[in-house]
1. Using only helices, what value at 222 nm comes out for the chain when you add -39,500 (n - 2.57) per DSSP H run of length 4 or more and divide by the total residues, to the nearest 500 deg cm²/dmol?
2. If you roll a 1.4 Å probe over the heavy atoms of the protein chains, what accessible area per residue do you get for the stretch 90-138, in Å²?
3. Note the angle between two axes, namely the Cα long axis of helix 128-146 and the longest principal axis of the Cα atoms of the chain, as a number of degrees from 0 to 90, rounded to the nearest 10.
4. What number results when the radius of gyration of the stretch 29-107, computed over Cα atoms, is divided by 2.2 N^0.38 Å?
5. Just the number please: accessible area per residue for the stretch 39-78, 1.4 Å probe, all protein chains included, in Å².
6. Under a Cβ-only charge scheme (Lys and Arg +1, Asp and Glu -1), can you give me the dipole magnitude of the chain about the Cα centre, in debye to the nearest 20?
7. For the stretch 66-161, just say rounded, prolate or oblate: build the C-alpha gyration tensor, square-root its eigenvalues into a ≥ b ≥ c, call rounded for a/c under 1.5, and beyond that prolate if a/b exceeds b/c, oblate if not.
8. Using the per-residue mean of other Cβ atoms lying within 10 Å as a proxy for protection, in what order, highest first, do the peptides 126-137, 93-104 fall?
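The values are calculated or read from the model by the stated rules, or taken from the named source; none is laboratory data. Predicted model, so just to flag it, every value in this text is computed and none were measured. Because the Cβ atoms are built from the backbone with ideal geometry, glycine has one as well, and the counts that use them run over all protein chains shown. Note: accessible area is taken over every heavy atom of the protein model, side chains too, but ligands, DNA and RNA are not part of it. Shrake-Rupley method; radii C 1.70, N 1.55, O 1.52, S 1.80 Å.
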Amino acid sequence: MTAEVKPASLQLTERQEARRRRILHSSARLASRGGFDAVQMREVAENSSVALGTLYRYFPSKVHLLVATMQDQLQHMHETLRKRPPTEEDPAARVAQTLMRAFRALQREPHLADAMVRALTFADRSVSPEVDTVSRLTTAIILDAMGLEGPPTAEQLSAVRVIEHTWHSALITWLSGRASIAQVKIDIETVCRLIDLTAPTPSR
(Lines give C-alpha, C1' and ligand atoms only; values in the text may rest on other atoms or scores of the structure.)
Protein backbone atom coordinates (compact mmCIF):
# COMPACT_ATOMS: atom_id res chain seq x y z
CA MET A 1 0.00 0.00 0.00
CA THR A 2 1.35 3.41 -0.89
CA ALA A 3 1.59 6.26 1.58
CA GLU A 4 -1.03 8.96 1.40
CA VAL A 5 0.11 11.93 -0.64
CA LYS A 6 -0.58 15.33 0.84
CA PRO A 7 -0.82 18.52 -1.24
CA ALA A 8 2.37 20.53 -1.52
CA SER A 9 1.52 23.35 0.88
CA LEU A 10 2.71 24.81 4.15
CA GLN A 11 1.21 23.67 7.43
CA LEU A 12 -2.01 25.62 7.81
CA THR A 13 -4.15 26.40 10.82
CA GLU A 14 -7.71 25.10 10.87
CA ARG A 15 -9.00 28.53 9.84
CA GLN A 16 -6.45 28.84 7.03
CA GLU A 17 -7.26 25.36 5.78
CA ALA A 18 -10.99 26.20 5.72
CA ARG A 19 -10.18 29.36 3.73
CA ARG A 20 -8.04 27.34 1.32
CA ARG A 21 -10.85 24.85 0.83
CA ARG A 22 -13.31 27.64 0.03
CA ILE A 23 -10.90 29.01 -2.56
CA LEU A 24 -10.44 25.60 -4.22
CA HIS A 25 -14.20 24.99 -4.20
CA SER A 26 -14.80 28.37 -5.85
CA SER A 27 -12.09 27.68 -8.44
CA ALA A 28 -13.60 24.29 -9.32
CA ARG A 29 -17.11 25.73 -9.54
CA LEU A 30 -16.07 28.56 -11.88
CA ALA A 31 -13.97 26.21 -14.04
CA SER A 32 -16.88 23.76 -14.28
CA ARG A 33 -19.06 26.52 -15.69
CA GLY A 34 -16.71 28.03 -18.25
CA GLY A 35 -13.30 26.41 -18.28
CA PHE A 36 -9.91 28.09 -17.90
CA ASP A 37 -11.00 31.58 -18.96
CA ALA A 38 -13.89 31.61 -16.47
CA VAL A 39 -11.50 31.37 -13.51
CA GLN A 40 -10.74 35.02 -12.72
CA MET A 41 -8.79 35.67 -9.52
CA ARG A 42 -10.98 38.60 -8.44
CA GLU A 43 -14.15 36.54 -8.85
CA VAL A 44 -12.57 33.59 -7.01
CA ALA A 45 -11.71 35.91 -4.13
CA GLU A 46 -15.24 37.36 -4.01
CA ASN A 47 -16.89 33.93 -4.14
CA SER A 48 -14.54 32.65 -1.43
CA SER A 49 -15.10 35.68 0.85
CA VAL A 50 -11.39 36.47 0.98
CA ALA A 51 -9.45 39.58 0.04
CA LEU A 52 -7.73 39.49 -3.34
CA GLY A 53 -4.36 39.98 -1.66
CA THR A 54 -5.06 37.02 0.61
CA LEU A 55 -5.90 34.86 -2.40
CA TYR A 56 -2.57 35.72 -4.02
CA ARG A 57 -0.73 34.77 -0.82
CA TYR A 58 -2.25 31.29 -1.10
CA PHE A 59 -1.95 31.02 -4.89
CA PRO A 60 0.41 33.42 -6.71
CA SER A 61 -1.34 32.93 -10.08
CA LYS A 62 -4.31 31.33 -11.76
CA VAL A 63 -2.08 28.50 -12.93
CA HIS A 64 -1.00 27.80 -9.33
CA LEU A 65 -4.66 27.83 -8.31
CA LEU A 66 -5.86 25.45 -11.02
CA VAL A 67 -2.98 23.01 -10.52
CA ALA A 68 -3.86 23.00 -6.81
CA THR A 69 -7.48 22.37 -7.84
CA MET A 70 -6.29 19.33 -9.79
CA GLN A 71 -4.39 18.15 -6.70
CA ASP A 72 -7.62 18.42 -4.74
CA GLN A 73 -9.66 16.57 -7.36
CA LEU A 74 -7.09 13.74 -7.54
CA GLN A 75 -7.00 13.50 -3.73
CA HIS A 76 -10.78 12.99 -3.72
CA MET A 77 -10.49 10.42 -6.52
CA HIS A 78 -7.81 8.56 -4.59
CA GLU A 79 -9.98 8.42 -1.47
CA THR A 80 -12.97 7.20 -3.49
CA LEU A 81 -10.90 4.53 -5.24
CA ARG A 82 -9.58 3.29 -1.90
CA LYS A 83 -13.14 2.92 -0.63
CA ARG A 84 -14.20 1.19 -3.86
CA PRO A 85 -11.08 -0.56 -5.18
CA PRO A 86 -10.98 -2.12 -8.68
CA THR A 87 -12.56 -5.55 -9.01
CA GLU A 88 -10.34 -7.10 -11.69
CA GLU A 89 -7.91 -9.85 -10.62
CA ASP A 90 -5.06 -9.03 -13.01
CA PRO A 91 -2.91 -6.00 -11.95
CA ALA A 92 -2.85 -4.53 -15.47
CA ALA A 93 -6.64 -4.82 -15.76
CA ARG A 94 -7.07 -3.26 -12.29
CA VAL A 95 -4.99 -0.24 -13.28
CA ALA A 96 -6.85 0.15 -16.59
CA GLN A 97 -10.19 -0.07 -14.76
CA THR A 98 -9.03 2.50 -12.19
CA LEU A 99 -7.75 4.99 -14.77
CA MET A 100 -10.93 4.71 -16.82
CA ARG A 101 -12.98 5.39 -13.68
CA ALA A 102 -10.86 8.49 -13.06
CA PHE A 103 -11.21 9.47 -16.71
CA ARG A 104 -15.00 9.15 -16.58
CA ALA A 105 -15.08 11.30 -13.45
CA LEU A 106 -13.25 14.02 -15.42
CA GLN A 107 -15.52 13.36 -18.41
CA ARG A 108 -18.52 14.40 -16.30
CA GLU A 109 -16.90 17.85 -15.84
CA PRO A 110 -15.25 18.57 -19.22
CA HIS A 111 -14.81 22.32 -18.63
CA LEU A 112 -13.12 21.68 -15.28
CA ALA A 113 -10.92 18.96 -16.78
CA ASP A 114 -9.90 21.27 -19.63
CA ALA A 115 -9.06 24.10 -17.22
CA MET A 116 -6.89 21.88 -15.03
CA VAL A 117 -5.07 20.29 -17.97
CA ARG A 118 -4.42 23.70 -19.54
CA ALA A 119 -2.98 24.91 -16.23
CA LEU A 120 -0.62 21.92 -16.13
CA THR A 121 0.43 22.68 -19.70
CA PHE A 122 1.09 26.35 -18.90
CA ALA A 123 2.90 25.65 -15.62
CA ASP A 124 6.45 26.96 -15.45
CA ARG A 125 9.22 26.17 -12.96
CA SER A 126 7.55 28.24 -10.22
CA VAL A 127 4.69 25.72 -10.13
CA SER A 128 7.01 22.68 -9.98
CA PRO A 129 6.08 21.66 -6.37
CA GLU A 130 2.37 21.61 -7.21
CA VAL A 131 2.93 19.77 -10.52
CA ASP A 132 5.12 17.23 -8.72
CA THR A 133 2.32 16.60 -6.24
CA VAL A 134 -0.13 15.97 -9.08
CA SER A 135 2.33 13.42 -10.49
CA ARG A 136 2.83 11.76 -7.09
CA LEU A 137 -0.93 11.49 -6.59
CA THR A 138 -1.35 9.86 -10.01
CA THR A 139 1.51 7.47 -9.22
CA ALA A 140 -0.09 6.59 -5.87
CA ILE A 141 -3.43 5.86 -7.56
CA ILE A 142 -1.75 3.52 -10.06
CA LEU A 143 0.38 1.74 -7.44
CA ASP A 144 -2.64 1.21 -5.19
CA ALA A 145 -4.52 -0.32 -8.12
CA MET A 146 -1.58 -2.64 -8.87
CA GLY A 147 -1.86 -4.10 -5.39
CA LEU A 148 1.83 -4.88 -4.96
CA GLU A 149 2.89 -6.96 -1.98
CA GLY A 150 6.18 -5.07 -1.64
CA PRO A 151 7.82 -1.89 -2.91
CA PRO A 152 7.83 -1.42 -6.70
CA THR A 153 10.98 -2.20 -8.67
CA ALA A 154 12.74 0.42 -10.81
CA GLU A 155 11.25 -1.23 -13.91
CA GLN A 156 7.75 -1.08 -12.45
CA LEU A 157 8.13 2.60 -11.56
CA SER A 158 9.29 3.26 -15.12
CA ALA A 159 6.17 1.50 -16.41
CA VAL A 160 4.02 3.60 -14.09
CA ARG A 161 5.58 6.80 -15.46
CA VAL A 162 4.83 5.72 -19.05
CA ILE A 163 1.25 4.89 -18.03
CA GLU A 164 0.93 8.34 -16.43
CA HIS A 165 2.19 10.03 -19.60
CA THR A 166 -0.25 8.05 -21.74
CA TRP A 167 -3.20 8.81 -19.46
CA HIS A 168 -2.37 12.52 -19.50
CA SER A 169 -1.92 12.52 -23.29
CA ALA A 170 -5.19 10.62 -23.75
CA LEU A 171 -6.97 13.23 -21.65
CA ILE A 172 -5.56 16.03 -23.82
CA THR A 173 -6.49 14.34 -27.11
CA TRP A 174 -10.01 13.63 -25.84
CA LEU A 175 -10.49 17.20 -24.62
CA SER A 176 -9.35 18.52 -28.03
CA GLY A 177 -11.82 16.23 -29.83
CA ARG A 178 -9.08 14.15 -31.45
CA ALA A 179 -9.89 10.88 -29.67
CA SER A 180 -13.08 9.10 -28.69
CA ILE A 181 -13.71 7.49 -25.32
CA ALA A 182 -13.42 4.11 -27.03
CA GLN A 183 -9.96 5.00 -28.37
CA VAL A 184 -8.88 6.29 -24.95
CA LYS A 185 -9.93 2.97 -23.40
CA ILE A 186 -7.93 1.00 -25.98
CA ASP A 187 -4.84 3.15 -25.42
CA ILE A 188 -5.07 2.84 -21.63
CA GLU A 189 -5.56 -0.92 -21.76
CA THR A 190 -2.64 -1.26 -24.17
CA VAL A 191 -0.16 0.74 -22.10
CA CYS A 192 -1.21 -1.03 -18.90
CA ARG A 193 0.22 -4.25 -20.36
CA LEU A 194 3.60 -2.83 -19.36
CA ILE A 195 2.68 -3.83 -15.81
CA ASP A 196 2.76 -7.50 -16.79
CA LEU A 197 5.97 -7.05 -18.77
CA THR A 198 7.79 -5.45 -15.83
CA ALA A 199 6.50 -7.81 -13.13
CA PRO A 200 9.38 -9.52 -11.29
CA THR A 201 9.95 -13.14 -12.30
CA PRO A 202 9.12 -15.41 -9.35
CA SER A 203 12.25 -17.04 -7.94
CA ARG A 204 12.32 -20.81 -7.96
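1. -23000 deg cm²/dmol
2. Working: 2190 Å² over 49 residues.
Per residue, the stretch 90-138 has an accessible area of 45 Å².
3. In the chain, helix 128-146 runs at an angle near 40 degrees to the longest axis.
4. Numbers: Rg = 16.5 Å, N = 79, 2.2 N^0.38 = 11.6 Å.
Dividing the Cα radius of gyration by 2.2 N^0.38 Å gives 1.43.
5. On the way: 1610 Å² over 40 residues.
In whole numbers, the stretch 39-78 has 40 Å² accessible per residue.
6. Details: 26 positive and 23 negative charges, 121 e Å.
With only Lys, Arg, Asp and Glu charged at Cβ, the dipole is about 580 debye.
7. It is oblate, given that a/c is not under 1.5 and a/b is not larger than b/c.
8. Top to bottom by mean Cβ count within 10 Å: 93-104, 126-137.
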